[in-house]
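For reference, the structure discussed in these notes is given below.
The numbers here are math on the coordinates, done by the rules we state, and not lab data. Values in this document were obtained by computation on a predicted structure and should not be read as measured data. Cβ placement follows ideal geometry from the backbone for every residue including glycine, while neighbour counts extend to all protein chains displayed.
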Amino acid sequence: MYYLYASNSRMDYKGDIYYIERVLNGEIASFSHIVDRHKDHAFNLALKICGNREEAEEVTQDSFLKVYRSLKEFKMKSSFGTWLYRIVYNTSVSYIRSRKRGVLSLEDFPADATDFASISKTAEEAEDEYRSSLVNFALQKLNEDERGIISLFYYEGMNTEEISEITGISRPNIKVKLFRARQKLLEIIGKVEKKKLIYHE
Amino acid sequence: MNEAGKLEEDILKKYLSPEKIEKAPESVTDRIMNRIRIEPASGMISVKTQKRSLIPLISCIVTALLIFIVLLLPESSFGELPRPVSDLFKNLNISFPDLNNLHLPSIDIPVLLTSLFVAIFLLGLLDKFLTGLFHKGSK
């Protein structure tokens with residue numbers, strides 16, 4: 001019963017501590033439970049910051065390895081989720097800053113969901129794929145801090161205080177960056193949607 | 001938030017909702033665990049270090065107990081102890097005062113110091129024994 005509950009709750013404090021203690025007692029295999037519980041959210045954050053799946057997977061692996069190496073330094077009274085997100089965020093941002101990439105143009109993005117139809121089973125799935133790709137594309141037009149803040153705010157449902165704790169950016173600054181990032185995203189989404197309408201006409 | 005702000009927020013939430021998080025590939029867990037298995041086990045190191053830090057402590061306690069038994073028990077009480085134990089203490093007792101008669105006339109070595117030398121020797125032996133024992137257990 002406990003395990004069922006633990007596996008269903010992403011931020012379940014007791015479950016995390018239970019597995020951390022087992023790993024610290026030498027049961028390395030228990031670390032796979034920690035990975036399974038958090039990998040999707042860690043991967044999603046890395047993906048939104050890095051912009052592609054291969055790099056996001058590498059960052060996710062590196063982040064969990066860092067977590068494992070410094071597990072004995074983790075203070076059991078604090079939130080494991082916040083600690084993990086901080087590591088994923090910092091690893092992703094460092095990764096992005098270490099590589100250079102050309103600026104994407106709006107022309108780089110496909111005009112319509114039909115472009116995704118070949119890889120999706122239904123029209124609904126194609127629309128989801130389209131939106132997901134559009135978001136990933138639009139996020140790449142923001143800087144890495146803004147990408148992280150947007151992901152933590154919308155996908156993880158965190159408030160500005162929690163985001164500040166993870167990113168190390170002051171709360172007022174988070175609010176400013178969040179506002180600017182929202183405006184940029186809306187502008188990009190608006191432009192792409194407009195392009196889509198013209199394409200249909 | 002005004003009407004326009006709410007509308008913008010709704011548009012963003014259509015694209016960025018928690019239900020739309022992208023899942024990590026299934027193989028990620030295996031890959032991470034494979035990398036961890038070839039790492040020096042940092043978690044284990046801390047446990048081993050903790051265990052090893054206990055060894056000198058246990059050794060000190062045991063040795064101190066042995067010394068205090070020898071110093072505090074009256075001579076007659078050795079007879080009541082089991083034979084191998086009493087034999088050990090008797091032997092130790094014999095070897096203690098001899099160090100005072102070495103060719104170092106100007107230095108007066110107290111009896112306690114000779115006991116300490118014996119204690120260090122015993123401590124070394126016990127340490128070696130316990131290290132072997134813990135090391136074997138952690139493999």
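Mind giving me the FRET efficiency for B:K23 and B:L71? R0 is 56 Å, r the Cβ-Cβ distance, nearest 0.05 is fine.
About 0.20, to the nearest 0.05.
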Taking a ≥ b ≥ c as the square roots of the Cα gyration tensor eigenvalues, with a/c under 1.5 meaning rounded and otherwise prolate when a/b beats b/c or oblate if not, segment A:12-100 comes out prolate
Output the pairs from A:K39/B:K20; A:K39/A:K184; A:K72/B:K128; A:K175/B:K13 with a Cα-Cα distance over 20 Å in this structure; if there are none, say none. A:K39/A:K184; A:K72/B:K128
In whole Å, what is the distance between the alpha-carbon centres of segment A:26-90 and segment B:9-27? 19
